[in-house]
Amino acid sequence: MQTPPILTKDFLYLRLIGDRSIQEKDFGIIQIDRILEMEKWAENIKAVQDEHAKFAIVTANNHYAGFGPGTANIFRNMLGLPEAKWEDRGGVQEQEGKYSVPDLKQSTLSDFLD
């Protein structure tokens, strides 16, 4: 979807949502290279951050590139922010700049339905 980057408030809200081409069983590692697209959004945020926007909320779902937390850290790096860290609870690991979730089943809504 082509959305014009028009700032109407003193904050930004950007949702990076994929097209559902990545299946849930493949979540946990970056599957699709979205760097060019994310760089454009990062530049838009940088352009308004000091004068117009006080803060930005940026979210990425797993369908966007394959692993929402990994996408978030790539985007944070583009903005000059430190990577978000999370506690290893027997699952998420970083190896050679790629994030993976070995032997960890992700719950989905269908897991909770009868």
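Any read-out appearing in this document is the output of simple, stated calculations on the displayed coordinates, not a laboratory observation. These figures come from a predicted structure and were not determined experimentally. A quick note on method: Cβ atoms are made from the backbone with ideal geometry, for glycine too, and the neighbour counts reach across all protein chains shown.
Name every residue in the range 43-61 that is surrounded by fewer than 21 Cβ atoms within 10 Å (Cβ to Cβ) and in contact with a Gly (Cβ under 9 Å, 6 or more places away or on another chain), in order of residue number. Of everything in the range 43-61, those that are surrounded by fewer than 21 Cβ atoms within 10 Å (Cβ to Cβ) and in contact with a Gly (Cβ under 9 Å, 6 or more places away or on another chain) turn out to be K46, T59, N61. Taken over the range 12-27, the criterion of being more than 21 Å from P82 (Cβ to Cβ) and either in contact with a strand residue (DSSP E or B) (Cβ under 7 Å, 6 or more places away or on another chain) or in a helix (DSSP H, G or I) (or both) is satisfied by Y13, R15, E24, K25, D26.
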